[in-house]
Amino acid sequence: MAKKRAREADGTSGAAGKMVEDSESSDDDDFDMVNVDFEWFNFTEIDFHGTKSLIRQLFDVDSTLFDVSALADLILSQPTIGSTVKVNGEESDPYAFLTALNLHEHREKKPVVELTKYITEKAKTNEALAQVPELLSSGKQVGLVLSERLINMPSEISPPMYGMLIDEIEAAVGDKEPYEFSHYLIISKTYHEIESTLDVEERKRKKGKQDATLFYFHPEDEVLQKHAVAYGSYPFTKIDEAIADSKRAFQEMGVMPRGSMILIEASKFADAARAVKEYLSAPS
């Protein structure tokens, strides 16, 4: 299948044609400009392993609680809802993906049963997410938005993905397919920096003085939250402080990831996507 939407170099289409990573030269270092063409595709069978890897990254240590293969198969079973992003043509592995699953429509399928149970339990750990369990048990059509990308992918790929998803869902509803959602529930990740448990004798780690500043793996989440009826983070089931040390990003700080949920009413989802585009789109 051809690419879903070519990104024009002049920036006149819904997404720019090229994203350029460049660094200015200095007296001390010289950097080369790197040109990268991103292409958007529908899901195909070739994306199975890449999608699995990105799902594992999204759910972090808790990905072992799910049948990730079955979840990837379910995503690939609706190829025209959502996108993959690639740089080496359709036959290559995806570097990013975004999709929406109807939790009510698939409520009897194993991966959705597992996910719904997990989401419900995690939402109960944060009062800010109190609406989520009630909504999931109400029988309403909730679209579960799953989105992940490789760590070094530019955030500017996100706006076109959301824009395409909205167009595709609108077309699917027009064809009487089950995508007329009442809400969208976005699963994502945040993290805190915490003092490392390494070199304890040298630095005498002080418990209870962890940096509570919240950071976003996906910058668009901060924008999406402004349009949400509920949002919040939750601890991973299998997380521990050793995980934070293994993800150490700074000399004396570890990275403690947390799961995140953002609940948006369907009537406000398009506005949220437009806000993401305004915030993240590459300049023309």
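Data table
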{"read-out": "Any hit, segment 169-183, residues being modelled with pLDDT of 95 or more and under 16 Å from the mean Cα position of the chain (by Cα)", "value": "no"}
{"read-out": "Boolean, GLY17 is in contact with a Lys or Arg (Cβ under 8 Å, 6 or more places away or on another chain) and modelled with pLDDT under 55", "value": "yes"}
{"read-out": "Condition check for LYS140: touching a residue at least 60 places away in the same chain (Cβ under 8 Å) and in contact with a strand residue (DSSP E or B) (Cβ under 8 Å, 6 or more places away or on another chain)", "value": "no"}
{"read-out": "Candidates ALA96, ALA72 - the one that is modelled with pLDDT of 95 or more, of a type outside the set (Val, Ile, Thr), buried (at least 21 other Cβ atoms within 10 Å of the Cβ) and under 23 Å from LEU136 (Cα atoms)", "value": "ALA72"}
{"read-out": "Members of segment 69-92 that are under 30 Å from ASP240 (Cβ atoms) and in contact with a Ser or Thr (Cβ under 9 Å, 6 or more places away or on another chain)", "value": "LEU71, ALA72, ILE75"}
{"read-out": "Total residues in segment 111-130, condition over 19 Å from ARG56 (Cα atoms), surrounded by fewer than 14 Cβ atoms within 10 Å (Cβ to Cβ) and not acidic (Asp, Glu)", "value": "3"}
{"read-out": "Unique match (being surrounded by 15 or more Cβ atoms within 10 Å (Cβ to Cβ), farther than 19 Å from VAL113 by Cβ and in contact with a Pro (Cβ under 9 Å, 6 or more places away or on another chain)) among THR51, THR44", "value": "THR51"}
{"read-out": "Cβ-Cβ under 6 Å pairs, at least 6 apart or on other chains, segment 143-161 side on the phi < 0 side of the Ramachandran plot, far side among the acidic types (Asp, Glu) and in a strand (DSSP E or B)", "value": "none"}
{"read-out": "Hits in segment 115-129 (condition: assigned to a helix (DSSP H, G or I), over 19 Å from the mean Cα position of the chain (by Cα) and of a type outside the set (A, V, I, L, M))", "value": "LYS117, GLU121, GLU127"}
{"read-out": "Given (1) under 19 Å from ASP60 (Cβ atoms); (2) aliphatic (A, V, I, L, M); (3) surrounded by 22 or more Cβ atoms within 10 Å (Cβ to Cβ), index of the condition ILE151 fails", "value": "(3)"}
{"read-out": "All positions within segment 146-181 that are of a type in the set (A, V, I, L, M) and over 17 Å from ARG107 (Cβ atoms)", "value": "LEU150, ILE151, MET153, ILE157, MET161, MET164, LEU165, ILE166, ILE169, ALA171, ALA172, VAL173"}
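The values are calculated or read from the model by the stated rules, or taken from the named source; none is laboratory data. Predicted model only: the values in this text are computed from it and were never measured. Virtual Cβ from ideal backbone geometry, glycine too; neighbours counted across all protein chains shown.
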